[in-house]
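Novice: Starting off with a structure, shown below.
The values are calculated or read from the model by the stated rules, or taken from the named source; none is laboratory data. This structure is a prediction, so every number in the text was calculated from the model and none was measured. Glycine also receives a Cβ, built like all others from the backbone with ideal geometry; neighbour counts cover every protein chain displayed.
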Amino acid sequence: MNDDLDRQNNNIIANWARKHSLWVLAYGTGCGAIEVPPTMTSRYDAERFGITGMATPRQADVLLITGYLAIKTLKRVIRTYEQMQAPKYVIGFGSCTINGGMYWDSYNTIKRLDDYIPVDIFINGCMPRPEGVIDGFIKLQERIARGQAKGWQHYQENLDWYRANQKKVIKNWTMPDYNW
Ligand code: SF4
């Protein structure tokens with residue numbers, strides 16, 4: 001299975017096409033969500049880079065998590081991520097996804113998003129401006145082109161580790177154990 005996954009990641013032509021066609025599911029978990037509309041609309045026009053919005057996980061390539069994440073929302077985020085088709089990418093948007101940010105000692109939010117789902121690019125700032133968001137997308141495109149955006153592969157290979165972390169914080173785990 002690992003060889004198959006590596007072949008998918010190292011296909012230069014497929015990666016070139018993927019990087020120019022990123023359909024983004026923006027999951028507005030925190031205040032950073034307010035920067036998504038200006039990034040996507042005419043002023044900053046992310047579509048000129050092949051980046052556009054998508055309404056459903058089944059058709060999205062990128063999951064954009066826009067800030068702090070309550071534990072009850074984490075459950076939905078995991079389910080959403082697992083319903084996306086591989087190859088798929090995650091962007092952690094804002095300091096809250098990196099270390100908890102200003103919610104670091106909250107009883108009901110997680111600190112590091114990459115303890116629960118794989119994150120390919122973090123965009124720091126509280127909140128990041130559209131220029132920072134576009135810069136993060138361009139860095140993701142560069143990683144895709146080099147075959148280095150392998151978070152989805154890491155998730156499949158280390159599912160037990162991710163599941164253990166997820167179940168440590170989500171006490172009422174009522175989802176199927178395998179969601180894709
Ligand atoms: S990083 Fe700042 S702007 Fe983003 S969700 Fe956290 S507190 Fe809100």
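Novice: Test each condition in (1) at pLDDT 95 or above; (2) touching a Leu at 6+ places or on another chain (Cβ under 8 Å); (3) among the aliphatic types (A, V, I, L, M) for ILE138 and report the one that comes out false.
Specialist: (2)
Novice: For the range 20-33, enumerate the residues that are more than 14 Å from the ligand (Cβ to nearest atom), hydrophobic (A, V, I, L, M, F, W, C) and without any contact (Cβ under 8 Å) to a residue 60 or more places away in the chain.
Specialist: Hits for the range 20-33 are TRP23, VAL24, LEU25.
Novice: Here are ARG76, ARG112: which of them is away from the ligand (no atom under 12 Å from the Cβ) and touching a Gly at 6+ places or on another chain (Cβ under 9 Å)?
Specialist: On inspection, the qualifying residue turns out to be ARG112.
Novice: So THR56 passes all but one of these: (1) within 16 Å of the ligand (Cβ to nearest atom); (2) without any contact (Cβ under 8 Å) to a residue 60 or more places away in the chain. Which condition number does it fail?
Specialist: Of everything listed in (1) within 16 Å of the ligand (Cβ to nearest atom); (2) without any contact (Cβ under 8 Å) to a residue 60 or more places away in the chain, THR56 misses just condition (1).
Novice: Can you go through ASP61, ASP4 and tell me which one is at pLDDT below 90, within 24 Å of TYR162 (Cα to Cα) and away from the ligand (no atom under 16 Å from the Cβ)?
Specialist: ASP4
Novice: Only residues in the range 73-96 that are closer than 22 Å to ILE144 by Cα and at pLDDT 95 or above count as the first member; pair them with residues that are acidic (Asp, Glu) and assigned to a helix (DSSP H, G or I), Cβ under 8 angstrom, at least 6 apart or cross-chain, and list the lot.
Specialist: Close Cβ pairs satisfying both conditions: GLY92/ASP114.
Novice: Next question, about the same structure. Would a scan of the range 83-90 turn up a residue that is among the basic types (Lys, Arg) and closer than 26 Å to ASP177 by Cα?
Specialist: First, pick out the residues of the range 83-90 that are among the basic types (Lys, Arg): 88.
Narrowing the set further to residues that are closer than 26 Å to ASP177 by Cα leaves 88.
Yes, the conditions are met somewhere in the range 83-90.
Novice: Within the bounds of the range 134-141, is there any residue that is in contact (Cβ under 8 Å) with a residue 24 or more places away in the chain, more than 21 Å from GLY30 (Cβ to Cβ) and buried (at least 19 other Cβ atoms within 10 Å of the Cβ)?
Specialist: First pass over the range 134-141, keeping only residues in contact (Cβ under 8 Å) with a residue 24 or more places away in the chain: 134, 136-138, 140-141.
From what is left, the residues that are more than 21 Å from GLY30 (Cβ to Cβ) are 138, 141.
Subsequent filtering for residues that are buried (at least 19 other Cβ atoms within 10 Å of the Cβ) retains 141.
Yes; the residues of the range 134-141 include at least one that is in contact (Cβ under 8 Å) with a residue 24 or more places away in the chain, more than 21 Å from GLY30 (Cβ to Cβ) and buried (at least 19 other Cβ atoms within 10 Å of the Cβ).
Novice: Considering only the range 34-53, how many residues are over 12 Å from ILE134 (Cα atoms) and either surrounded by 14 or more Cβ atoms within 10 Å (Cβ to Cβ) or within 12 Å of the ligand (Cβ to nearest atom) (or both)?
Specialist: 2
Novice: Go through the range 61-102 and give me each residue that's touching a strand residue (DSSP E or B) at 6+ places or on another chain (Cβ under 6 Å), small (Gly, Ala, Ser) and under 22 Å from GLU131 (Cα atoms).
Specialist: The one that is touching a strand residue (DSSP E or B) at 6+ places or on another chain (Cβ under 6 Å), small (Gly, Ala, Ser) and under 22 Å from GLU131 (Cα atoms): GLY92.
Novice: Hey, another quick one. Tell me yes or no: at least one residue of the range 81-100 is more than 12 Å from the ligand (Cβ to nearest atom) and of a type in the set (Lys, Arg).
Specialist: yes
Novice: May I pose another question? Considering only residues that are basic (Lys, Arg) and assigned to a loop (DSSP other than H, G, I, E, B), look in the range 144-170 and name the one that is farthest from LEU113 (Cα to Cα).
Specialist: Filtering the range 144-170 down to residues basic (Lys, Arg) leaves 146, 150, 163, 167-168.
Next, from what is left, pick out any that are assigned to a loop (DSSP other than H, G, I, E, B): 146, 150.
Details: ARG146: 24, LYS150: 16 Å.
Applying the filter and picking the extreme gives ARG146.
Novice: Which of (1) more than 18 Å from ALA149 (Cβ to Cβ); (2) surrounded by 19 or more Cβ atoms within 10 Å (Cβ to Cβ) does CYS31 not meet, given it meets every other one?
Specialist: If we test CYS31 against (1) more than 18 Å from ALA149 (Cβ to Cβ); (2) surrounded by 19 or more Cβ atoms within 10 Å (Cβ to Cβ), just (2) comes out false.
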